[in-house]
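Data block below; observations after.
The values are calculated or read from the model by the stated rules, or taken from the named source; none is laboratory data. Note that the coordinates shown come from a computational prediction; the quantities given were computed from them, not determined experimentally. Note: ideal-geometry Cβ built from the backbone for every residue, glycine included; neighbour counts use all protein chains shown. Keep in mind that these areas ignore ligands, DNA and RNA; they rest on the heavy atoms of the full protein, side chains included. Shrake-Rupley method; radii C 1.70, N 1.55, O 1.52, S 1.80 Å.
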Amino acid sequence: MNEQKLPHGARILVVRLSAIGDVLHSTAVVHNLKRLVPDCHVTWLVSPPASILLENNPDIDRLLVWDRRTFDKAAQHLDLRTVRQTLKEAAALLHQYEFDIALDIQGLFLSGILTRMSRAPRRIGIHERHEGNFLFMTEMAPDIPERHKIRRYMTALAPLGIGPEDFEPGLVLKLPDTYEGFAEKFFADKAVTLHDPQRPLLLVNTRTTWPDKNWPPEFFGRALANLPENIQIVFTGAPSDQVYIERAQQEMEDRASLSIAGQTSLLELAAIFRESDLLLTGDTGPLYIAEAVGLPTLSLWGPTHPGIYGPLTKGHHFILSPNKCTACCKTKCHRRTNACMNAIKPGTVTKALLGLLYH
């Protein structure tokens, strides 16, 4: 750690509104900050639904929740009256408190506006691809060649005397005590057993929020169909994922499986993750929830890359598409073929699952 550039008891605002995976990535920054400067006071400005993941975080002294979804919808429809109103609400929320330093770990024009509204005399931004954010900052963190998002977020601490050599990887998601025993109760009448070496529990998340990060549901079905019957297969996801889960199950024919899509909240899902053996997923929020609660994962990558977004802690394994067109980081395939994800073969995934479940 370099010479500390923080006043005693510094009041620090962190601005990272969304999304689930990125908010969890940012918990690594706050955890390292609190680990190295325990007397600082951290306030975090966040938006639902990711806000629920921070409510019990021991590194956060104050959580401010502002729903950006109303702003985004209004901006999309050029509803300037609602845009102004939502920003006024954000300003009123922030102006209740005083901050010495504000860290914008999102790098958006919107997050820049909110950071400026904090009235913090020091406002530190990070180098991301978004235009205009620097206009609201008093200083910018150093740019680095490192691609991984968490390490790039960590640069926000460099002006405070915390360098890359001080970084310890790991995400933070602490569940309230009320979630103890939730998984056992949830599965009590579903013929699913926990912590049984003879019947490992494999959770499967089939969908992501980006269309071209999705592996075809039929491929999931083919990969899972050849697993031994003693492996318990449980599909997770949102209610809208059920149609894709059913397509995967059809491909599995008579192979037993269970879907709990839409039956849990994010924290309930995290409680189930904590008691399971392995998660199969794409690059999406549940991958990082799993990392935060200690569930090993096997994740599938095409338009994004584990070297940019993947877990940095042990116990996580990746299958990167062999297609030459990978890591474009685009939400929709410009070739309209989704070739990178389609190039991952079900047999490859089956083999990897067997190796991890029977290592």
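The residues on offer are Asp59, Asp100, Asp72, and the sole one that is open to solvent by 50 Å² or more (accessible area, probe 1.4 Å) and at pLDDT 95 or above is Asp72.
Across the stretch 175-198, which residue is most open to solvent (accessible area, probe 1.4 Å) among those that are assigned to a loop (DSSP other than H, G, I, E, B) and β-branched (Val, Ile, Thr)?
So the residue we want is Thr193.
Scanning the stretch 199-223 for residues that are open to solvent by 40 Å² or more (accessible area, probe 1.4 Å), farther than 21 Å from Leu53 by Cβ and modelled with pLDDT under 95 turns up just one, Pro211. On the stretch given as the stretch 15-31, residues that are assigned to a loop (DSSP other than H, G, I, E, B) and surrounded by fewer than 24 Cβ atoms within 10 Å (Cβ to Cβ) total 2.
Among the residues of the stretch 277-294 satisfying the criterion of being assigned to a helix (DSSP H, G or I) and aliphatic (A, V, I, L, M), which is surrounded by the fewest Cβ atoms within 10 Å (Cβ to Cβ)?
Among those that are assigned to a helix (DSSP H, G or I) and aliphatic (A, V, I, L, M), it is Val293.
Residues in the stretch 86-97 that are open to solvent by less than 90 Å² (accessible area, probe 1.4 Å) and outside any loop (DSSP other than H, G, I, E, B): 7 in all.
Scanning the stretch 302-347 for residues that are charged (D, E, K, R), within 28 Å of Arg129 (Cα to Cα) and within 22 Å of the chain's Cα centre (by Cα) returns Lys330, Lys332. Note on the stretch 150-169: residues that are open to solvent by less than 30 Å² (accessible area, probe 1.4 Å) and of a type outside the set (A, V, I, L, M, F, W, C) amount to 6. A Cβ distance below 9 Å, combined with a sequence gap of six or more or placement on separate chains, defines the contacts here; from the stretch 333-353, residues that are of a type in the set (Ser, Thr, Tyr) reach residues that are open to solvent by 40 Å² or more (accessible area, probe 1.4 Å) in the pairs Thr348/Pro322; Thr350/Arg222; Thr350/Asn226. Is it the case that Leu6 is of a type in the set (A, V, I, L, M, F, W, C) and over 23 Å from Ile126 (Cα atoms)? When the stated conditions are applied, Leu6 does not pass them. Among residues of the stretch 279-301 that are at positive phi, none has a Cβ under 8 angstrom from a residue that is crowded, with 24+ Cβ neighbours inside 10 Å at a sequence gap of 6+ or on a separate chain.
Residues are listed down the side, and each one gets a yes or a no for (1) closer than 25 Å to Ile52 by Cα; (2) crowded, with 20+ Cβ neighbours inside 10 Å; (3) over 14 Å from the mean Cα position of the chain (by Cα); (4) not aromatic (Phe, Trp, Tyr):
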| residue | (1), (2), (3), (4) |
| --- | --- |
| Asp254 | no, no, yes, yes |
| Gly262 | yes, no, yes, yes |
| Leu266 | yes, no, no, yes |
| Ala270 | yes, yes, no, yes |
| Glu275 | yes, no, yes, yes |
| Leu300 | no, yes, yes, yes |
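Residue check: Leu53 meets all listed conditions (1) buried (at least 16 other Cβ atoms within 10 Å of the Cβ); (2) in a loop (DSSP other than H, G, I, E, B) but one, namely (2).
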